[in-house]
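Data first, discussion second: the structure below is written as structure tokens.
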Amino acid sequence: MANILECRGLVKKYGSFIALNGLNFAVPEGRIVGLLGTNGSGKTTLIKLAAGLLRKDGGEILIGGNPPSEKTKMDISYLPERTYLYSWMKVRDILDLFADFYSDFDRNKAVDMLRALHVDTGLKLRTLSKGTKEKVQLVLVMSRRARLYLLDEPIGGVDPATRDYILNTIISNYNPDSSVLISTHLISDIENILDDFYFIHNGQVFLQGSAEELRNKEGKTVDQLFREVFRC
């Protein structure tokens, strides 16, 4: 099985602070992978490097076997931790913008998902709640036919009743040959959709494994293991 994302000895520094310290990491094609760790562990930095928003300071990072570039950006659909859309735009205008910018954007699929989430596309973004804005962003991201979906805290601001729909959306709206990398603190909410998990600490992979094997062989959930490993 080929890797869509691969890091070898990856280093990223912010001044004297080392965010990623020789990170070795891989996401195989066709897998949903949880990137899990405490605050400041390097999760968002890794995702931004994969999305081509940051430059590495050492080591190697490859997307489909190639270094991050304008070309690899087209293979990636990225959901950032914070809202990045213009608040003065109407939701339907944002749909038009994505349709113009991304050739792989399925506008009809996006409209159907927004309707299921009861989002009025005629409203301006600034009139929506934080949770509804996050729904709009996730719908935009998952309506692309990308090879790699990078989701940074995709369900942090939405109510528990909406999380199930969003997680089902993640499962049902990506190509089985594509991969999803999810970073979140809400481990118990997402672990049922995970194939693999990586625990990251101080910029390095601390522990990794298969979610199914953990449940079957150890009798533990990913959330239980995380709490044991990172107990204060």
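Brief remarks follow.
- Region 1-82: trypsin sites (Lys or Arg not before Pro) in DSSP loop, at most 11 other beta carbons within 10 Å: Arg55, Arg82
- Per-selection Rg to Rh, region 153-220 - Cα, Kirkwood hydrodynamic radius: 0.98
- Of the residues Ser183, Val27, Phe101, the one whose Cα sits farthest towards the positive end of the charge dipole of the chain is Phe101 (charges of +1 on Lys and Arg Cβ, -1 on Asp and Glu Cβ, taken about the Cα centre).
- Volume per residue that the Cα convex hull of the chain spans, once the total is divided by residue count, Å³: 131 Å³
- Between helix 160-172 and the chain: long-axis angle, C-alpha atoms, 0 to 90°, nearest 10: 80 degrees
- Residues Ser41, Ser103 in ascending order of nearby Cβ atoms (within 10 Å, fewest first): Ser103, Ser41.
- Taken along the Cα-to-beta-carbon direction at a fixed 7 Å, the label points for Ser103 and Glu218 span 4.4 nm.
- Between 0 and 90°, nearest 10: helix 130-142 axis offset from the chain longest Cα axis: 80 degrees
- Helix 91-101 axis versus longest C-alpha principal axis of the chain: approximately 60°, rounded to the nearest ten.
- Ranked Glu153, Glu212, criterion: other C-beta atoms within 10 Å, fewest first: Glu212, Glu153
- The alpha carbon centroids of region 1-52 and region 90-158 are separated by 25 Å.
- From its DSSP helices (H runs of at least four residues, each -39,500 (n - 2.57)), the chain gives a residue-normalised ellipticity at 222 nm of -8500 deg cm²/dmol.
- Along the chain, the longest continuous region that contains none of the chymotrypsin sites (Phe, Trp or Tyr not before Pro) in a DSSP loop with at most 13 other C-beta atoms within 10 Å is 89-232.
- For region 3-229, the antiparallel share of DSSP beta bridges with both residues in that region comes to about 60%.
Values in this text are rule-based calculations from the coordinates and carry no lab data. Predicted model only: the values in this text are computed from it and were never measured. Here Cβ is always computed from backbone atoms with ideal geometry, including for glycine, and neighbour counts include all displayed protein chains.
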